[in-house]
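Rule-based calculations on the coordinates, nothing more; no lab input. Small disclaimer: the values here were computed from a predicted structure and weren't measured. Here Cβ is always computed from backbone atoms with ideal geometry, including for glycine, and neighbour counts include all displayed protein chains.
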């Protein structure tokens with residue numbers, strides 16, 4: 001246990017966190033607990049078990065905004081994500097879990113997750129809780145509140161990288177709005193981590 005605590009203290013120091021012996025040991029204990037457990041490490045720093053990982057991060061570093069896209073073209077930072085949109089021709093098929101989608105027209109809203117949010121998956125049946133879908137996509141619990149959700153009114157249209165809804169699909173070849181989402185400082189392949 002002492003070797004793990006020393007390793008955690010060294011790794012935390014590289015990230016800018018000075019971690020004492022007692023907190024390092026508590027972090028080692030946390031790593032043995034089930035996913036979703038958290039620990040305050042002082043100041044804004046938190047530790048969290050996220051599936052098969054132990055994460056140490058600064059809480060409150062992200063500010064979540066809500067944006068209504070009334071124009072055909074634009075871009076905005078949404079916490080750790082960059083969302084951009086522009087006119088385009090709707091493709092023959094949309095990916096269910098991609099990082100790009102098309103909307104039939106402007107007027108959609110970019111917002112954070114709300115209690116009770118559900119969507120009907122593209123090619124699926126029934127309404128699924130977005131909270132559960134984020135968990136199944138292995139989005140860490142501490143990141144879920146800041147994850148972008150695209151909606152039109154109360155209808156969830158898309159959870160980027162997780163699931164596209166069957167609602168508001170443009171007809172293939174028609175004029176539509178292409179929406180792309182990227183994560184700051186991360187590659188496309190590592191966006192859910």
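From the helices alone, meaning DSSP H stretches of at least four residues, give me the mean residue ellipticity at 222 nm for the chain, per-run term -39500 (n - 2.57), in deg cm²/dmol to the nearest 500.
That comes out to -5500 deg cm²/dmol.
What is the helix-to-structure angle for 21-31, meaning the angle in degrees between its Cα long axis and the longest Cα principal axis of the chain, kept from 0 to 90 and rounded to the nearest 10?
50 degrees
Taking a spot 7 Å from the Cα of residue 120 along the direction of its beta carbon, which residues of the range 143-168 have an amide N less than 17 Å from it?
Inside the label zone: 151-159, 163-168.
Label the range 2-58 by shape, choosing from rounded, prolate and oblate, from the square roots a ≥ b ≥ c of the eigenvalues of the Cα gyration tensor; if a/c is under 1.5 it is rounded, and otherwise prolate applies when a/b is larger than b/c, oblate when it is not.
Verdict is oblate for the range 2-58.
Just to be sure I understand, if you calculate P(r) over Cα pairs in 10 Å bins from 0, in percent for this structure, which of [x] 9, 32, 30, 16, 10, 3, 0; [y] 10, 31, 34, 19, 6, 0; [z] 8, 35, 40, 16, 1, 0 do you get?
Of the labelled values, this structure produces [x].
Specify the angular offset, from 0 to 90 degrees and rounded to the nearest 10, of the alpha carbon long axis of helix 2-15 from the longest principal axis of the alpha carbons in the chain.
Between helix and principal axis, roughly 50 degrees.
Return the FRET efficiency for the residue pair residue 92, residue 44: r is the Cβ-Cβ distance, R0 is 45 Å, and the value is rounded to the nearest 0.05.
With R0 = 45 Å, the Cβ-Cβ based efficiency is 0.45.
Grab the Cα-Cα distance for residue 21 and residue 166, subtract it from 0.36 nm times how many residues apart they are, and report the gain in nm with one decimal.
Roughly 47.1 nm would be gained on extension.
Once you sort the root eigenvalues of the Cα gyration tensor of the range 35-129 as a ≥ b ≥ c, which label holds: rounded (a/c under 1.5), prolate (a/b larger than b/c) or oblate (the other case)?
Prolate is the answer for the range 35-129, as a/c is 1.5 or above and a/b outweighs b/c.
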